[in-house]
Amino acid sequence: MVQIEYDARFVVLFVCTGNICRSPLAEQLFRIQTKPLQGLISTSSAGTYARPGEAMTEQAAELSRLYGGDPSQHRASEVTTARIKAANLVVTMSREHRADIVSLVPRASRKTFTLREFDRLIGTYRELEPGAWAAPRDASPTELDYFVRAVASVRGFSAVAVSPADDDIVDPYRRGQEVYDEAGRLISRSIARLVEAITSVTSSGFAGRRDEASQIGRIILDQGRSAQQPRGNDD
């Protein structure tokens, strides 16, 4: 069992089923790409049905090495309520995993996303608030907390995925190499965009503040109401 200790850093937890394919790959790619921020960000992964101590599958480990990660020290561990509560951001590989997390800790709903969902919401937020990363500030876990809250605030306003499954990473366990490759591409692409956003937040600061979520919500709702107002006759 992973012992949970207080960590003053911004804690990111990646979650899948067995913690031997998708979530450790995401964790390792995220860790290597945020290495300059290791004093600010702590990264780990876990599984909803993990067998503690199990190594990554060879195919997943090879993908990690291919994308620049290091799978050598990974051993599967279970997700727990303590780990969920300790995390500032929980990133799951599927909607089912997200539901599992929220069922364990309902209050975690606003900090728990599927990887592809979070990627999509980041894009939506940037469209709504293009200057959000403009104001120089000191990099801190607090800034990243504001960032997560702001991204969560656009959940009802983002373009919906064409298919709900588009927010999932395909599970390659016990499947062919082509499925592993597809999972690797999806994870690598979304992790790169997540790291890009976090790097922007920590390098230029985050202009959004505590009340920004409600402000954005009000603006969008007002725009929606205006569009629905009946128009008068033009003649």
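I'm checking my understanding of the structure. Among residues of region 71-126 that are of a type in the set (S, T, N, Q), closer than 17 Å to residue 48 by Cα and in contact (Cβ under 8 Å) with a residue 60 or more places away in the chain, which one is surrounded by the fewest Cβ atoms within 10 Å (Cβ to Cβ)?
Per the criteria, the residue is 80.
Kindly establish whether residue 95 is of a type in the set (Lys, Arg), at pLDDT 95 or above, more than 20 Å from residue 149 (Cβ to Cβ) and within 17 Å of the chain's Cα centre (by Cα).
yes
Applying the selection to region 130-149, what residues are buried (at least 20 other Cβ atoms within 10 Å of the Cβ) and either modelled with pLDDT under 80 or more than 24 Å from residue 82 (Cα to Cα) (or both)?
132, 133, 139
All but one of (1) within 25 Å of residue 144 (Cα to Cα); (2) in a loop (DSSP other than H, G, I, E, B); (3) touching a residue at least 60 places away in the same chain (Cβ under 8 Å) hold for residue 18; state the number of the condition that does not hold.
Going through (1) within 25 Å of residue 144 (Cα to Cα); (2) in a loop (DSSP other than H, G, I, E, B); (3) touching a residue at least 60 places away in the same chain (Cβ under 8 Å) one by one, residue 18 breaks only (1).
Identify, please: which residue in region 154-183 is modelled with pLDDT under 90 and in a helix (DSSP H, G or I) and is, among those, surrounded by the fewest Cβ atoms within 10 Å (Cβ to Cβ)?
164
What residue, among those in region 98-129 that are among the β-branched types (Val, Ile, Thr) and at pLDDT below 95, is nearest to residue 173 (Cα to Cα)?
122
The values are calculated or read from the model by the stated rules, or taken from the named source; none is laboratory data. Computed from a prediction, not measured in an experiment: that's the story for all the values here. With ideal geometry, Cβ positions are generated from the backbone for all residues, glycine too; neighbour counts draw on all protein chains shown.
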